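*Asks:* Can you read through this structure? Questions will come right after.
The values are calculated or read from the model by the stated rules, or taken from the named source; none is laboratory data. Just so we're clear, the structure is a prediction, and the values are computed from it rather than from any experiment. Glycine also receives a Cβ, built like all others from the backbone with ideal geometry; neighbour counts cover every protein chain displayed. Please note that ligands, DNA and RNA were not included when accessible areas were found on the heavy atoms of the full protein model with its side chains. Shrake-Rupley method; radii C 1.70, N 1.55, O 1.52, S 1.80 Å.
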Amino acid sequence: MLRAIVGLWMLLIPVITWAQTPGAVVDTLQEAEDYLTVDPATTLRLLEQVEQLDRLPTPLFLRWHFIRLRAAVPTHQMETMEHSLEAIYSHHTHPYFIEKIPTAMSALGIWLRRHDFLNDARLSLECAYKYAQSDQQRLTLTNSQALVSRQLGDYEQARTLYDRAINIADKAGITSKNGIIANNLGIIELELGKVAEAEAQFRKALANYQEIDKRSGQISAGVNLLFAFIIQKQLLNYQRLYGPTARLTESFPNETKQAMLLWVNARFMQLEGHPVSQQSKSALKLAYAQLQDDNVRRLVFQHLATPLGVDVQLPKPVVVRPFERNWYQVVKACDW
């Protein structure tokens, strides 16, 4: 019996060792990267299969964190982003980092924007644009810059940046970003009270995301379109879209979209004649804190909270804070 156990153990050793070889890690990272567009949640699960991360060669260590950053954005994993940003910026002089400067600065800009470090977000994105290596990157970065302007309430600048993004996309023949642009233009229209115009933009965004099979985009545009339908009390349109959007949203690890869908559907149920229970109101209060940002909370407060009778606080005006980390000085310098 002992000999049999030892023999089995010896058979297992090569498998365990092989699982940790750089070649096996590269295969896992490649598979994780392949899922980024269609299913970033799967990307994150695959990355967790890589063990002893700190023992990897630095290029593989950095590649793991860069992939993780890209997957954390659409799934709204802010703590995950922060951890990986700290990891990659600790190697800001490494050739692999320098090669990926636009991605590093873009991810940082997104994280800073979502935590109201808006001026620093703008600075980081400008640095990313300086080192952009393709029209695809310039397009993505221009969109991110427009989001910062929108969050600052500078809608004129945001529209100017979206116009630039459209020009970049048209000249380069890039259609994959049309959904992002249309979705964000729709949000601006919604914030300006132009709901019909917002609906038209969200329809464009959803069609584009469906064409390229981008799940996170379909959820964003779908939930936003449902919101526009509810504001206009287009209940038949709402019913047609709710099913497929809800299925995607429930299976996707993005609590901000799930929270928004909860609010929107609660209003639909109320319009269908169902009273809002105290239990539902408590759940909606919790979901209010999980919404993506204060701009979205203002829209929910304006269009949903009052008719639903849910007592939540209107967000205060944005207070732009300075970001302070030792390594952030290299971002300010933007000189590689």
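*Asks:* Take the alpha carbon atoms of region 212-259, find their center, do the same for region 310-333, and report the distance between the two centers in whole angstrom.
*Replies:* 29 Å
*Asks:* Now, a different point. What number, rounded to the nearest 500 deg cm²/dmol, is the helix-based mean residue ellipticity at 222 nm of the chain, given -39500 (n - 2.57) per DSSP H run of at least four residues and division by all its residues?
*Replies:* That comes out to -23000 deg cm²/dmol.
*Asks:* Here's another thing I want to ask about it. Would you calculate the volume per residue, in Å³, of the smallest convex hull containing every Cα atom of region 196-311?
*Replies:* With only Cα atoms used, region 196-311 gives 100 Å³ per residue.
*Asks:* Going down the table (LYS194/LYS233; LYS177/LYS285; LYS130/LYS177; LYS214/LYS281; LYS204/LYS285; LYS100/LYS332), which pairs top 23 Å between alpha carbons?
*Replies:* Flagged as over cut-off: LYS177/LYS285; LYS214/LYS281; LYS204/LYS285.
*Asks:* With charges only on Cβ, +1 for K and R and -1 for D and E, what is the dipole size of the chain about its Cα centre, in debye, rounded to 20?
*Replies:* The dipole magnitude comes to about 460 debye.
*Asks:* Determine the order of ASP335, ASP163, ASP135 by accessible area, beginning with the largest, at a probe radius of 1.4 Å.
*Replies:* The residues order as ASP335, ASP163, ASP135, largest area first.
*Asks:* Please calculate the 1.4 Å probe accessible area of MET78, with all protein chains present, and give it to the nearest 10 Å².
*Replies:* 30 Å²
*Asks:* Same structure, new question: For ASP135, what charge total do you get from the other residues with a beta carbon under 12 Å from its beta carbon, if Lys and Arg give +1 and Asp and Glu give -1?
*Replies:* Around ASP135, the surrounding residues sum to +3.
*Asks:* Next up: Can you give the Kirkwood hydrodynamic radius of the chain from its Cα pairs, in Å with one decimal?
*Replies:* It is 21.7 Å.
*Asks:* Now for a different question. Under 14 Å from the Cβ of LYS281, count the other residues' Cβ atoms, weight Lys and Arg +1, Asp and Glu -1, and hand me the total.
*Replies:* Here the count lands on +1.
*Asks:* What list of ³J(HN,Hα) values in whole Hz, one per residue of region 234-246 in order, does the Karplus curve 6.51 cos²θ - 1.76 cosθ + 1.60 (θ = phi - 60°) give from phi, with Gly and Pro shown as x?
*Replies:* Taking θ as phi minus 60°, the curve returns 8, 6, 5, 4, 4, 4, 5, 8, 4, x, x, 5, 5 Hz for region 234-246.
*Asks:* In debye to the nearest 20, how big a dipole does region 140-258 give about its Cα centre with +1 on each Lys and Arg Cβ and -1 on each Asp and Glu Cβ?
*Replies:* 240 debye
*Asks:* Can you put ASP170, ASP293 in order of accessible area, largest first, using a 1.4 Å probe?
*Replies:* So the residues, ranked largest to smallest area, are ASP170, ASP293.
*Asks:* Identify, among THR103, MET78, TYR89, the residue whose Cα sits farthest towards the positive end of the charge dipole of region 62-141, taking +1 on the Cβ of Lys and Arg and -1 on the Cβ of Asp and Glu, with the dipole about the Cα centre.
*Replies:* Checked the options; the winner is THR103.
*Asks:* If contacts are Cα pairs under 8 angstrom and at least 6 residues apart, what is the relative contact order of the chain in percent?
*Replies:* With pairs under 8 Å counted, the relative contact order is 13 percent.
*Asks:* Dimensions of region 264-327 along principal axes (Cα, Å, largest first)?
*Replies:* Cα extents, longest axis first: 55, 19, 16 Å.
*Asks:* Using the Karplus curve 6.51 cos²θ - 1.76 cosθ + 1.60 with θ = phi - 60°, what ³J(HN,Hα) values do you get for each residue of region 69-79, in whole Hz, with x for Gly and Pro?
*Replies:* Each residue's phi maps through the Karplus curve to give 4, 5, 7, 6, 5, x, 8, 6, 9, 5, 5 Hz.
*Asks:* Top to bottom by accessible area (1.4 Å), largest first, where do GLU189, GLU86, GLU99, GLU324 land?
*Replies:* The ranking, largest first, comes out as GLU324, GLU99, GLU86, GLU189.
*Asks:* I need the phi-derived Karplus couplings for region 328-333: 6.51 cos²θ - 1.76 cosθ + 1.60, θ = phi - 60°, integer Hz, Gly and Pro marked x.
*Replies:* 5, 4, 5, 5, 4, 6
*Asks:* Follow-up question, since we're still on this one. How would you classify region 103-221 from its alpha-carbon gyration tensor, with a ≥ b ≥ c the square roots of the eigenvalues: rounded for a/c under 1.5, else prolate if a/b is greater than b/c, otherwise oblate?
*Replies:* Note, shape of region 103-221 comes out oblate.
*Asks:* I've got another one for you. Report the trypsin sites (Lys or Arg not before Pro) located in region 124-233 that are in a DSSP loop and have at most 12 other Cβ atoms inside 10 Å of their Cβ, or state none.
*Replies:* LYS233
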